[in-house]
Amino acid sequence: MAARLSDQADERGRLALQRMERALVRARLAEPDGLTHGDYAGLRYALGLARLHVLPVDGGAHIALTPGPIQTLRDWLLNHLHDALRSPATDDEKLAYARDAAGPATARAHETRAALLAEHADQFTPAMLDHEIAHRALVVVAGGGGGAGYVYAGAFACLNDAGLVPDYIVGNSMGAILGLMRAEKRHTDLSENVAFAAGLRNRDLFSVARRRAEFGTPSLLHLHLSALHQRLSTGEFKRPLRLDEMEIPLDLIVAGLKQETYERVVPTTLGHESRAARLLPLPVRVAARLSRLTTFFRSDMVEALVLGRDRDTRAVHAVDAAGFSAAVPSILQYEPSPRAGVTREIFAELMHDHRLAAIVDGGIADNVPARAAWQGVTAGRATTRNAYYLAFDCFLPHLDPKNAWLWPITTLVQGQMRTNRVYADTLVRFNRTLSPINLVPGAAGLALAVEWGYQTMNDHLAEAKAMLEPVDLAACGVS
């Protein structure tokens, strides 16, 4: 119990320091002359050092740092600067507080650095410590939202054009599919992904053919993602790529439906329709089922699972992982191919170990999984433990009468953000999107979504660049 409370206190402290640096960067962006370059660099170095708890080393290992010196620096920063930076004060007022604190904070950071280097003299060099403090990994969290999520293609293109390459991606639902396509290659021509998506037809992604519900829920449509399977295969025999073969580390969120609650709450007729309902247009049938999804938003029914976090689930076929993450219960059913031996074994074990009735769309449990990304960085999924978290959210409540039927679901999903928002440095909310049920928009619709996504990300680009700018070590006297 004491260890858990200690871990929670450490997490709260590191999160507070993360938000302090975000507030400092935003204030200086708004008032560039309000703080000298040296003071700014010294404060960022101090905040980065105070967030440390381990130091990554080659081979994925890490060194646990002596906590005493870091805790002393952390306490000083939290006591002297947290309320000033996190208050509703003006940017000028925040920078005035920062100016006063910069000298003492930088001096204390130098003392802490010296203490750590003395304590760990035979374990790492000063350059290794300074590099971890000065450089941040770009972590992208891509939330779900069906066809609305196509804006992420534009957002990724905007980041790419700015030279900002993700070091780690966590995706859910449509964010899992778009994140998967981005994670395949670290450096690639993203226009090829757009061209691929523009050429998709309904039959490339799903069909009305029914399949026995082995891992998913009985549903209106079978989500097979055959075109994506074909695209993300390698070798002469077209072997499916695994999660651990992505050039950018990728974790995907799925929701496990707990067997006991599921069987008690969900009707046995799930997935069945009357004959009259089957005569209605497909979008109408999908919309009707979406409006009933609130049944699944129960904490006693749903458990979020992170595929890729551990070595076992990293062996899952990447498209199968994305397929489960996008399998909206009662609407889209995903089942891995009978030939997907390892994937089927892993999911069978997950269902057995967690006592699950089905594995479905991760948005039911965690639509914009910023906390999962934060925990992934803590677990070593990125190249550094010092990360900048950029979260994408496209599934927003709208007052538009045409989307009124989505209001109950989007409101529930936004409720999840109360937990996740504190872990994201920058939350990009895409207000202009395609309809969530427009899963195959064609070239014209996709071009519009890409343009909207690019423009929205571009509005946040200055902040992203500033947050990722390495700390000027010379300016704060570190050598």
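The values are calculated or read from the model by the stated rules, or taken from the named source; none is laboratory data. Just so we're clear, the structure is a prediction, and the values are computed from it rather than from any experiment. Positions of Cβ are generated from backbone atoms using ideal geometry, with glycine treated the same way; all protein chains shown enter the neighbour counts. Areas reflect the complete protein model, heavy atoms only, side chains present, ligands, DNA and RNA absent. Shrake-Rupley method; radii C 1.70, N 1.55, O 1.52, S 1.80 Å.
The residues in the stretch 60-77 that are open to solvent by 20 Å² or more (accessible area, probe 1.4 Å), within 28 Å of the chain's Cα centre (by Cα) and touching a residue at least 12 places away in the same chain (Cβ under 8 Å) can be counted, and the count is 3. Counting only strands (runs of 3 or more DSSP E) that fall entirely inside the stretch 338-435 and contain at least 1 residues that are modelled with pLDDT of 90 or more and under 12 Å from the mean Cα position of the chain (by Cα), the qualifying elements are 387-393, 426-429.
Of everything in the stretch 133-159, what is open to solvent by 10 Å² or more (accessible area, probe 1.4 Å) and farther than 25 Å from Phe430 by Cα? Give them in sequence order. His135 - this is the single residue of the stretch 133-159 that is open to solvent by 10 Å² or more (accessible area, probe 1.4 Å) and farther than 25 Å from Phe430 by Cα. Screening Tyr389 with (1) touching a Cys at 6+ places or on another chain (Cβ under 7 Å); (2) over 29 Å from Asp204 (Cα atoms); (3) of a type outside the set (Lys, Arg) gives one miss only, at (1). Residue count for the stretch 172-213 satisfying the condition of being within 23 Å of Leu241 (Cα to Cα), open to solvent by 70 Å² or more (accessible area, probe 1.4 Å) and not in a helix (DSSP H, G or I): 5. Of the residues in the stretch 323-335, not one is farther than 18 Å from Val266 by Cβ and either surrounded by fewer than 19 Cβ atoms within 10 Å (Cβ to Cβ) or among the β-branched types (Val, Ile, Thr) (or both). Within the stretch 14-32, the residues that satisfy the criterion of being of a type in the set (Gly, Ala, Ser) and either within 16 Å of Arg421 (Cα to Cα) or open to solvent by 10 Å² or more (accessible area, probe 1.4 Å) (or both) are Ala16, Ala23, Ala30.
Among the residues of the stretch 33-59, those identified as open to solvent by less than 30 Å² (accessible area, probe 1.4 Å) and aliphatic (A, V, I, L, M) are Leu35, Ala41, Leu43, Ala46, Leu47, Leu49, Ala50, Leu52, Val54, Leu55.
Using the structure shown, decide if Gly235 is exposed (fewer than 15 other Cβ atoms within 10 Å of the Cβ), modelled with pLDDT under 95 and more than 24 Å from Gly147 (Cβ to Cβ). It is true that Gly235 is exposed (fewer than 15 other Cβ atoms within 10 Å of the Cβ), modelled with pLDDT under 95 and more than 24 Å from Gly147 (Cβ to Cβ). Considering each residue of the stretch 162-169 in turn, none proves to be modelled with pLDDT of 95 or more, open to solvent by less than 30 Å² (accessible area, probe 1.4 Å) and part of a helix (DSSP H, G or I).
Listed by first and then second residue, the pairs linking a residue in the stretch 378-400 that is over 24 Å from Ala153 (Cα atoms) to a residue that is open to solvent by 10 Å² or more (accessible area, probe 1.4 Å) and part of a strand (DSSP E or B), with Cβ atoms under 7 Å apart and 6 or more places separating them unless they lie on different chains, are Gly380/Pro56; Gly380/His62; Thr384/Pro56; Arg385/Val54; Arg385/Pro56. Of all the residues in the stretch 323-372, those that are among the hydroxyl-bearing types (Ser, Thr, Tyr) and under 21 Å from Ile437 (Cα atoms) number 3. With respect to Val284, determine if the residue is open to solvent by 10 Å² or more (accessible area, probe 1.4 Å), without any contact (Cβ under 8 Å) to a residue 24 or more places away in the chain and over 22 Å from the mean Cα position of the chain (by Cα). Here the answer is yes, as Val284 does meet what is asked.
Has the stretch 471-479 got at least one residue that is surrounded by fewer than 16 Cβ atoms within 10 Å (Cβ to Cβ), of a type in the set (Ser, Thr, Tyr) and assigned to a loop (DSSP other than H, G, I, E, B)? Yes: the stretch 471-479 contains one or more residues that are surrounded by fewer than 16 Cβ atoms within 10 Å (Cβ to Cβ), of a type in the set (Ser, Thr, Tyr) and assigned to a loop (DSSP other than H, G, I, E, B).
Being in contact (Cβ under 8 Å) with a residue 12 or more places away in the chain, touching a strand residue (DSSP E or B) at 6+ places or on another chain (Cβ under 8 Å) and assigned to a helix (DSSP H, G or I) is not true of Asn458. Of all residues in the stretch 337-368, which are closer than 23 Å to Gly179 by Cβ and among the aliphatic types (A, V, I, L, M)? Those that are closer than 23 Å to Gly179 by Cβ and among the aliphatic types (A, V, I, L, M): Ala340, Val342, Ile346, Leu350, Ala358, Ile359, Val360, Ile364, Ala365, Val368. Here Gly453 meets the list (1) closer than 20 Å to Ala372 by Cα; (2) in contact with a Cys (Cβ under 9 Å, 6 or more places away or on another chain) almost entirely, failing just condition (1). For the structure I just gave you, tell me whether Leu434 is open to solvent by less than 40 Å² (accessible area, probe 1.4 Å) and in contact with a Gly (Cβ under 9 Å, 6 or more places away or on another chain). Criteria met by Leu434. Out of all the residues in the stretch 238-274, which are hydrophobic (A, V, I, L, M, F, W, C), over 16 Å from Leu332 (Cβ atoms) and modelled with pLDDT of 85 or more? If the condition is that a residue be hydrophobic (A, V, I, L, M, F, W, C), over 16 Å from Leu332 (Cβ atoms) and modelled with pLDDT of 85 or more, then Leu241, Leu243, Met246, Ile248, Leu250 are the ones that fit.
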